[in-house]
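Please read the structure below before turning to the comments.
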Amino acid sequence: MNNMEKKTLYTVTIFSENTVGLLNQVTIIFARRGLNIETLSVSPSAISGIHKFTITTFTDKAMITKVVKQIDKRVDIVKSYYNTDEDLVFQEIALYKLATNKLLEMGSIEDIIRRYNARILDMTETWTVLEKTGHYDETQALFKELSEKIGVLQFIRSGRVAITKSKVERLSDMLAAMEAKLNRDKSV
Amino acid sequence: MNSISGSEALLESLIHEGVDTIFGYPGGQAIPIYDALYDYKDRLNHILVRHEQGATHAAQGYARVSGKVGVTLVTSGPGVANTITGIADAMMDSTPIVVIAGQVPDNLLGTDAFQEVDVIGVTQPISKWAYQVRSADEIAWAVARAFYIASTGRPGPVVLDVTKTAQSGKVAYQPHKITYIRSYIPKPDWEPERIAQAAALINQAEKPFAIVGQGVILGNAESELLAFLRKADIPAATTMLGLSALSSDEPLNTGMLGMHGNIAPNLKTNECDVLIAIGMRFDDRVTGDLTQYAKQAKIIHFDIDLAEINKNVTVDVPVIGDAKETLVEVGKLLNPNQHTAWRESFKPHWERERQVVIQKELHSKEGPLRMGEVVHKVSQAVGNKAIVVTDVGQNQMMGVRYFSYGQTRSVVTSGGLGTEGFGLPAAMGAKIGAPDRTVCLFVGDGGLQMTIQELGTIMQSKIDVKIILLNNNYLGMVRQWQELFWHERYSHTELQNPDFLKIAEAYHIPGRSVSTRDELDAAIREMTSMKGAYFLEANVENKGMVYPMVPAGTAVTNIILGDE
Ligand SMILES: Cc1ncc(C[n+]2csc(CCOP(=O)(O)OP(=O)(O)O)c2C)c(N)n1
Ligand SMILES: [Mg+2]
């Protein structure tokens, strides 16, 4: 943990074909280099048939550069790159399950919801689920406050999802360039 | 169109890829494929090995000398588990092989069925691509993709895990060819600015030095390399796997790099002003301590694999792309040059190595036989068109150091993985891949016993390999480390060996066991005059040492030479 503090949180974005076992191929590359995966999120991307992974890990620049190249090298990976927080707009989503009676007794629920920009997702007589999206510190702060005041029955936080601030959509550019190269090669 | 079985489709697909040789071993989950093979005897030469590890190393030997993809066919479970060492070895040494393994029927996958192993899970980290084929219709596509991936870009092993369901299913077979995968860029485009930067650096250099790896051989760029070196008069050296990319008598070839390489190129690495790495990956056995490696030099790195750039050594100019093209492009911009004084400065180091190491190793008149002289004499007897295959250990270092290379693809040895047991099966594959060339194997008494059962394959398939056992009754290379760095505490490195000649005889392989120089000469004459396999056991100095040596993790200039 100590040397983790000197390290930077990198967000690795990976576009891949949607084939069985790819997650395995990606995570073993982190494992070989002894990198802990902090968060992980996988879903279909905007381009049909292509999946997008968003993985965060604490490391340094020299290491992340090598790791990303080794990921990129796998045959079914279309493109992989890394960013730091400054380059990204990013969020995580957290759900908090609370006892409804305690929540009502607490009285300050509206204030908390406003301060944290959270919302009530579902509510029954016995339990209530709050939802908050935000950065890690924000979802964590709400967790801390609720834990201290009324206790949290269940808590879950998603992996990070992120979008780059840069104007270019790297993947579509790359796919276009590859198609162009293919056509060029075919014509010779 | 007639539909055929998945197994037949598999064989048709292999033939479509130009395959004529398969190294394999059958079993329950591969019986349908073997049954189909029965009718393909005229088109597919199946070599029945004695252990699946041997099948993979044979495929590697075949691929390394022929430039074609080597093919291995095995059954599920223990069969494919036995191929792991070969797959890992091929991954490390960028050898194009395709390993086809039977797998349990689809409905049993994941149930711990009899002889089920999670092949994809096990092989993914050590292969270029691993894929499970679950239905007969996928076979033509999967084979086409496997060959395309194995053979293009930086080559490597591909694993196809073919379920019995796929083998037995029916398919309307149509030949398939793959030449493009959108997520895979085998040959990245070269960048004109980098080409210009590389040429400018070389043009300014007073002491340029090229270090050449197997990438040049894999990329068939040997003649481009030579033209490049000659134009600017650049001395060069090779890694162990790069040996034979330049012939031994090429004046610009200054020898082999690395732990047991030659003195001159190792020292010159830390004296040159521009270091030009071509198709090599700065392995730790080549660089020694990275913090003391070529710090004075500007470094240019030619490679086809982007992940190799700045992996071990931070370089000034990366030249990505296919060396066959990039060497030409940079070459165009080079000024013709002469570096006579610089080249001459390698010579005293060679003189020193000759005096201190080589003379004793090759020309001792007394005392027991030495590994080096055996290799040297065999090399002289078979001529420099022969292929040398080695196992791992002292025999390997002596084999590659003292053999002469007259043409490319003449060295088959396990570099990155350093696999003891590689030699004998790799030699079989090499002979089958290059039937017109003499194949000499140098193997140790330890390593031979790791895959000795392949003598059976050599007997049954009548493979003409010249097996030279360098018997020192020790796991010699480990013993050498124990002598030098572990206070001569020979922990478990002395071997009690069988009568090897009797073993060879049991397999009907003729041979001799020799201990004197006269016997050696006579046995070599007999070996070269006979057609077919031959087993020459040379009983050599028990405690011989391989020098020069750069101890692991130290600077390339820290070269020990033994008693001077
Ligand atoms: C499969 C495997 N196991 C262990 C080793 C470690 N090792 C490297 S060289 C060597 C000694 C080999 O002895 P031998 O085959 O007799 O060759 P020599 O060095 O004596 O020529 C050993 C044990 C290895 N490289 N590969
Ligand atoms: Mg030995």
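The values are calculated or read from the model by the stated rules, or taken from the named source; none is laboratory data. As the structure is a computational prediction, the values presented were derived from the model and not from experiment. As a convention, Cβ positions derive from the backbone with ideal geometry for all residues, glycine included, and neighbour counts pool all protein chains shown. Surface areas here come from the heavy atoms of the whole protein model, side chains and all, with no ligands, DNA or RNA. Shrake-Rupley method; radii C 1.70, N 1.55, O 1.52, S 1.80 Å.
Under the 0.36 nm per residue contour assumption, what length would be gained going from the current alpha-carbon distance of B:Asn497 and B:Glu519 to full extension?
Contour length minus the Cα-Cα distance gives 5.8 nm.
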| request: Given the options A:Arg74, A:Arg32, A:Arg157, state which has the largest fluctuation in a GNM of chain A using a 10 Å cut-off (strictly under) for Cα springs. | output: A:Arg32
| task | With N set to the residue count of the stretch B:496-554, report its C-alpha Rg divided by 2.2 N^0.38 Å to two decimal places. | result | 1.49
| Taking a threshold of 28 Å on the Cα-Cα distance, which of the pairs A:Lys61/B:Lys128; B:Lys68/B:Lys332; A:Lys66/B:Lys207 fall above it? | B:Lys68/B:Lys332; A:Lys66/B:Lys207
| field | Per-residue SASA entry for A:Asp60, accessible area with 1.4 Å probe, Å² rounded to 10 | value | 70 Å²
| Which semi-axes, in whole Å and largest first, does the equivalent ellipsoid of the stretch B:224-328 have when worked out from the alpha carbon gyration tensor as the square roots of 5 times its eigenvalues? | 19, 18, 13
| request: May I have the extent of the alpha carbons of the stretch B:59-121 along their three principal axes, as whole Å values ordered from largest to smallest? | output: 41, 17, 14
| message | Compute the distance from the alpha-carbon center of the stretch B:363-442 to that of the stretch A:133-171, in whole Å. | response | 61 Å
| Relative pair counts by distance (%), Cα atoms of the stretch A:108-147, 5 Å bins | 6, 22, 35, 26, 10, 2, 0
| Do the sum for chain B: with -39,500 (n - 2.57) for every DSSP H run of n ≥ 4, divided by all residues, what is the mean residue ellipticity at 222 nm, to the nearest 500 deg cm²/dmol? | -10000 deg cm²/dmol
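Taking a temperature of 25 °C and a viscosity of 0.890 mPa s, what whole-number D in µm²/s does Stokes-Einstein yield for the stretch B:166-295 with Rh from Kirkwood over alpha carbon pairs?
Stokes-Einstein gives a translational diffusion coefficient of 145 µm²/s.
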| request: Any chance you could check the Cα centroid distance between the stretch B:521-542 and the stretch B:238-259 for me, in angstrom? | output: 27 Å
| query | Amide H to amide H under 5 Å from A:Glu38: which residues, 5+ apart in sequence or cross-chain, H placed 1.01 Å off N in plane? | reply | A:Thr56, A:Thr57, A:Phe58
| request: For A:Val20, A:Val12, give the ranking by accessible area with the largest first, probe 1.4 Å. | output: A:Val20, A:Val12
| Using a 1.4 Å probe, how large is the accessible area of B:His176, given in Å² and rounded to the nearest 10? | 70 Å²
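With contacts defined as alpha carbon pairs under 8 Å and 6 or more residues apart, what's the relative contact order of the stretch B:368-539 in percent?
Relative contact order of the stretch B:368-539: 23 percent.
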| remark: Per the stretch B:133-194, sqrt(5λ) over the Cα gyration tensor eigenvalues, sorted largest first, in Å, gives 31, 12, 7
| task | Assuming 1.306 mPa s and 10 °C, estimate D for the stretch B:25-177 with Stokes-Einstein, Rh taken as the Kirkwood radius over Cα pairs, in µm²/s. | result | 104 µm²/s
| Largest-first ordering by accessible area, 1.4 Å probe, given options B:Glu537, B:Glu17 | B:Glu17, B:Glu537
| request: Taking just the C-alpha trace of the stretch B:368-539, give me its Rg and Dmax in Å. | output: 15.0, 47
| remark: Here the net charge surrounding B:Ser461, from other residues whose Cβ is less than 15 Å away from its Cβ (Lys, Arg +1; Asp, Glu -1), is +2
| query | With no solvent and one point per C-alpha, what does the Debye sum give as log10 I(q)/I(0) for the protein assembly as shown at q = 0.04, 0.06, 0.11, 0.12 Å⁻¹? | reply | -0.20, -0.44, -1.24, -1.39
| query | How big is chain B on each of its three principal axes, counting only the C-alpha atoms and giving the largest first in Å? | reply | 71, 61, 42
| request: Quote the FRET efficiency, to the nearest 0.05, computed for B:Gln380 versus B:Tyr40 with a Förster distance R0 of 45 Å and r equal to the Cβ-Cβ distance. | output: 0.60
| Going from the alpha-carbon gyration tensor of the stretch A:8-83, what semi-axes, largest first and in whole Å, does one get by taking the root of 5 times each eigenvalue? | 20, 12, 11
| query | Per the Kirkwood definition applied to all pairs of different Cα atoms, how many angstroms is the hydrodynamic radius of the stretch A:62-158? | reply | 15.7 Å
| Estimated dipole of the protein assembly as shown in Debye, rounded to 20 [Cβ of Lys and Arg +1, of Asp and Glu -1, Cα centre] | 860 debye
| field | Förster radius 41 Å - calculated FRET efficiency between B:Trp481 and A:Thr164 (Cβ-Cβ, nearest 0.05) | value | 0.20
| task | Just the number, please: Stokes-Einstein D of chain A in µm²/s, Kirkwood Rh from C-alpha pairs, 10 °C, 1.306 mPa s. | result | 84 µm²/s
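For the cross-link pairs B:Lys41/B:Lys462; A:Lys7/B:Lys311; B:Lys365/B:Lys531; A:Lys69/B:Lys177; A:Lys73/B:Lys295; B:Lys385/B:Lys431, which exceed 22 Å when the distance is taken from alpha carbon to alpha carbon?
B:Lys365/B:Lys531; A:Lys69/B:Lys177; A:Lys73/B:Lys295
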| task | First compute the accessible area of chain A with a 1.4 Å probe, then give the percent of it belonging to carbon and sulfur atoms. | result | 53 percent
